[in-house]
Amino acid sequence: MGQLYDSAAIYDWNGTYDGGVDMPVGPPGFAALVHLASAQAAPAQSDQHYPWGEAAPIQSIVRLVGKAAAPHGYDIRYPWSEATPLESDVRMEWSRGQPLERVERIAWQKSTPFESVTRAAWRRAQQMLQRLVGIGWARIHPKEGITALAWRPAETHQIESRLSWRKADSREVTVRIRWRPGAQHTSGYRTGWGNDPPPDPGSTIVIPSREVYFMIPALTIIRTSDSADLDAIDCQLRYDITSYAWTFQANIPKASLALVDPAAHSDPVLVQISVNGYLFNMIVEAYTDNRKFGGSGVQITGRSRSALLGPPYAPRATFTESSSKDASQLATDALADTGWTLVWHAPDWLVPGNTFSYADKTPIEAVAQIVNSIGAVLYCDPQELTLTVNPLYPTSPWAWGTATPFASIPNAIWTNIDGQWEGQGAPDYNGVYVSGQNGGVVHLIKLTGTDGAKQLPMVNDPLIVHVDAARERGRNELAKGLKEKTETVTMPVLPAPVSGTNPGIIPPGSLLEITEQDGTTWRGQAMGTQIDSQRSGGGQSASAGLSVRQTMPVERQAS
Amino acid sequence: MSVALWRQFAGLIPKAPLRIGTITAVNAGTVTVTLANGGTFIARGTGSVSDVVFIQDDEVRSTVSGLTAGADQDV
């Protein structure tokens, strides 16, 4: 404001002012001066508005022009009145908030079924576990169940890390066999370092469910005497549950035939077949050959060494046991001096003297006479000179649900299942009379809880001289008489050795639990096995890709 | 046909089952036999009432002695 009054333009108008310091303006009553000053102040004021910092001095002029302040006040009110619609907007949002809350309530309601799904999964896990580990473990705490399940992936992991060892192992085996011929060396193979612990007897072998199973299929057939390699092209091994010997057929190059030619050797030639590390000691019994333009092929066939206990190799004998002996002892006696060991895994009973007798029978036929009397079967160890007597049905089919399976086979490992259902019209047999002959016993064997009125034809055998034998025979007869479905399961042969996660070659008679593609499981008994080692594309060269599969007819009860 | 093939073939034919029964009546040249399950049928041959006999192909083969009937067994 001081600037304003200092301005010469203001005070020069009448020319009377001498520029004295003490008289800057005229007295307040001097209107002309005031008017002039205010008129010129207005433009100055507008200029001064831009810098806000100098607004304070202008305020005094604003007071002078009272009217100008009024519109300014209106301006302030306008934004307030516009705030009202804004307020209504806020209210709108609040009113929309309510449906949102309802949505949230619906979401909570949906959480209930989710919870039930979780429970269902637990129940399924428990059921699975129950089936896997058997009745004793059935009622374990769910928490324990988690622990058990968690172990499975851990085991899986181990398998992978083992593979490299296994490869090393088998490689060393091949070297050993070639450099040191001899049957006893082959049997020492199993005790190699780094092998997995064998599965606990009585526990289920659980094959882990994996996306990929890594294995290098291997097939070798060598002549046992000098480890000469036959350069096998392919091979098929078979065992039927009612048999006493493995059979095999293999295609070999014609050049290899001389090594094993049955016609050129007086005794059967022993060969050792190695499939994925599993060894089979076999004899070559016959061959077929084929000559054609551009090539020739030879197929050799044979059986396991247990064939030497039967016709035509073994001598026949006639015999009567005059003293009382257990059935297992009678069977062991029949194999005396053959080098074979008999393992008895079936019910045993005392046979009085002068009951067991046979005429012109080979050792294996004499054993079969005893074994058949109770409906049991023989299993020949593919490697050792061991015959095992097992019941045809180690577990009765009506008790499979609560038994401990030999192995659990996940959907991921089996490659194919062919089902064949039969039994249309067959009655549900529930009883059978089992009889001895002279000096024997007669019993009606019936299913628990039934009257045993629908009977199978009566069976009798001279060795049914004890209730235990009658029971066992009747149990197997009734099991055979049930309606069944045969499922032919094909799966790879996981490389040796057998472990808690690898059943290897599944022995006939094993109770299996198989998981279907939809996750359901069923149980059945393997009634045989067939191991096919085939070259890719039906190739006739030992260098072509190899695949190894085992195929098992699995008997499943049709309910 | 080789002997082996004949044996294989013959092995497929089921043998006539050997049955055990008790003679309940003696007829002219035949006997009426009751099996353990209560069924009765007529077989050729001779015998005495209450004899326990082996029957094969509907013919009495021989008598059975010392056969003891035991209690029913549940499996």
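Side notes on the structure shown:
- Sole residue being more than 14 Å from chain B (Cβ to nearest Cβ), surrounded by fewer than 17 Cβ atoms within 10 Å (Cβ to Cβ) and small (Gly, Ala, Ser), chosen from A:Gly504, A:Gly524, A:Gly545: A:Gly545
- For the stretch B:57-70, the set of residues classified as more than 7 Å from chain A (Cβ to nearest Cβ) and either touching a residue at least 60 places away in the same chain (Cβ under 8 Å) or in a loop (DSSP other than H, G, I, E, B) (or both) consists of B:Asp57, B:Asp58, listed by residue number.
- Of the residues examined, A:Thr486 is not one that is within 39 Å of the chain's Cα centre (by Cα), under 30 Å from A:Trp421 (Cβ atoms), surrounded by fewer than 20 Cβ atoms within 10 Å (Cβ to Cβ) and facing chain B (nearest Cβ under 9 Å).
- Reported count of residues in the stretch B:22-38, each being surrounded by fewer than 18 Cβ atoms within 10 Å (Cβ to Cβ), closer than 12 Å to B:Phe54 by Cα and away from chain A (no Cβ under 14 Å), is 0.
- Residue that is surrounded by fewer than 23 Cβ atoms within 10 Å (Cβ to Cβ), within 21 Å of B:Ala69 (Cβ to Cβ) and not β-branched (Val, Ile, Thr), where the choices are A:Ala470, A:Ala426, A:Ala453: A:Ala453
- A:Ser322 vs. criteria surrounded by fewer than 18 Cβ atoms within 10 Å (Cβ to Cβ) and either acidic (Asp, Glu) or more than 23 Å from A:Arg223 (Cβ to Cβ) (or both): yes
- The single condition among (1) part of a helix (DSSP H, G or I); (2) without any contact (Cβ under 8 Å) to a residue 60 or more places away in the chain that A:Glu472 does not satisfy is (2).
- In the stretch A:446-459, the residues that are facing chain B (nearest Cβ under 7 Å) and assigned to a strand (DSSP E or B): A:Lys446, A:Gln455, A:Pro457, A:Met458
- For the stretch A:383-395, the set of residues classified as more than 20 Å from A:Thr332 (Cβ to Cβ), within 14 Å of chain B (Cβ to nearest Cβ) and crowded, with 18+ Cβ neighbours inside 10 Å consists of A:Leu392, A:Tyr393, A:Thr395, listed by residue number.
- Of the residues in the stretch B:6-21, at least one is over 16 Å from the mean Cα position of the chain (by Cα), charged (D, E, K, R) and either more than 14 Å from every other protein chain (Cβ to nearest Cβ) or more than 26 Å from A:Lys454 (Cβ to Cβ) (or both).
- Matching residues in the stretch B:14-29 - criterion: being of a type outside the set (A, V, I, L, M) and either closer than 20 Å to A:Leu456 by Cβ or in contact with an Asp or Glu (Cβ under 9 Å, 6 or more places away or on another chain) (or both): B:Pro14, B:Lys15, B:Pro17, B:Arg19, B:Gly21, B:Thr22
- Condition met for A:Ile370 (away from every other protein chain (no Cβ under 11 Å) and within 20 Å of A:Ala307 (Cα to Cα)): yes
- Filter pass, A:Trp398 being under 37 Å from the mean Cα position of the chain (by Cα), at the interface with chain B (Cβ under 10 Å from one of its Cβ atoms) and surrounded by fewer than 22 Cβ atoms within 10 Å (Cβ to Cβ): yes
- Within the stretch A:414-445, if we keep just the residues that are in a strand (DSSP E or B) and under 38 Å from the mean Cα position of the chain (by Cα), the residue that is nearest to the other protein chains (Cβ to nearest Cβ) turns out to be A:Gln420.
- The conditions of being at positive phi and polar (S, T, N, Q) are not met by A:Asn281.
- Residues in the stretch A:267-281 that are aliphatic (A, V, I, L, M) and farther than 14 Å from A:Met215 by Cβ: A:Val269, A:Leu270, A:Val271, A:Ile273, A:Leu279.
Just so you know, all these numbers are worked out from the coordinates, no wet-lab data involved. Since the structure is predicted, the reported quantities are computational estimates derived from the model, not experimental observations. Cβ: placed from backbone, ideal geometry, glycine included. Neighbour counts: every protein chain shown.
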